[in-house]
Amino acid sequence: MNTALDSPLRTLTVANGTAPPGPRYVCFPPAGGTATMFRSLAAARPTAHMLAVQYPARADRLDAQLPDNFEELARQCADALVATPELERPRTVLIGFSMGAWLALETALQLDWRYGCGPCGLVVVGATAPHRRGTRHRLPAEADLDRMLDDGGWGESVLREYVRGLLRADMRLVSRYTGPARHGTPCRVAALCGEDDPRHVEDDATGAWAVWSQSPFASCVVRGGHLGLLTPERAGEFWRWMDRLALPSAVVEGEVDACVQR
């Protein structure tokens, strides 16, 4: 992949040059998703420097081929991050939703292993910790895809079948993913999950991520379901959680009243 010609990164907002230097946020979509899924989050924090990953074979990257394995996709993301000068990795926070959480984790590890400098923070939302996935690597049935589309708010949208195809391709990629070879990242990790998301109860999509984090680790259970924090009406709530998690700086004592720190 030539990152200069086909970078997967899409700029959503650019920080005001007069504002104090803050984190650079890079968002990773869920399966079947595109970079535009984060427009509401960007609109709710216009002063932030925010980018999103555009996966291959969709939107403006229709001619790019989805790789055969998760690790290669993470390598492409890591290469693009390194090739983007304004993304100083000591100030970069990766944010991944669902499948995007695993890809953000793999990208953080690739940055550390291959370039010696990982991000300063990783936020995972609605995702089972990789070591808790067990052997359940089956491809989803059509009924499962329908449920995922409903959870994503696609309903009877005219784009539903297009998104179904993207979702099926991404889930095929996920089905081959067995997780990183070792625990731990070069950065702090924070995990969020909706109280109505089955992953919260069945797979512990919050506290189980502690083994991947440098201290302090924080996890929060928020209201709603799987991708609820991506809806426009909850974008402000997402950023309030981000402020409470206080990435990349240490968690401020007393600020994370609804979070568990370890």
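What net charge do the residues around Ile95 carry, taking every other residue with its C-beta under 12 Å from that of Ile95, with Lys and Arg at +1 and Asp and Glu at -1?
+2
Between Gly22 and residues 5 or more places away or on another chain, which pairs have amide H atoms under 5 Å apart, with H built 1.01 Å from N, and which residues are they?
Long-range HN contacts for Gly22: none found.
Beta carbons within 10 angstrom, averaged per residue: use that to sort the peptides 230-242, 49-61, highest first.
Listed from highest to lowest mean packing, they are 49-61, 230-242.
Going by average Cβ neighbours within 10 Å, how do the peptides 120-126, 68-74, 106-112 rank, with the highest at the top?
Highest mean packing first, the order is 120-126, 106-112, 68-74.
So for each of 32-38, 181-187 I average, over its residues, the number of other beta carbons within 10 Å; can you give me the resulting order with the highest mean first?
Averaged packing, sorted descending, gives the order 32-38, 181-187.
Could you calculate the contour length gain from Arg182 to Arg240, that is, 0.36 nm times the residue separation minus the distance between their Cα atoms, to one decimal place in nm?
Stretched fully, the Arg182-Arg240 segment lengthens by 17.7 nm.
Describe numerically, in nm with one decimal, the distance between label points set 7 Å from Cα along Cα→Cβ at Arg133 and at Arg223.
Each label point lies 7 Å from its Cα, and together they span 3.2 nm.
If a/c stays under 1.5 just call it rounded; otherwise compare a/b with b/c (prolate if a/b is bigger, oblate if not). Do that for segment 11-114, with a ≥ b ≥ c from the square roots of the Cα gyration tensor eigenvalues.
Note, shape of segment 11-114 comes out oblate.
Read the figures in this text as sums done on the coordinates, not as results from a lab. Given the structure is predicted, the values throughout are model-derived calculations rather than measurements. Neighbour counts run over all protein chains shown; Cβ positions are idealised from the backbone, glycine included.
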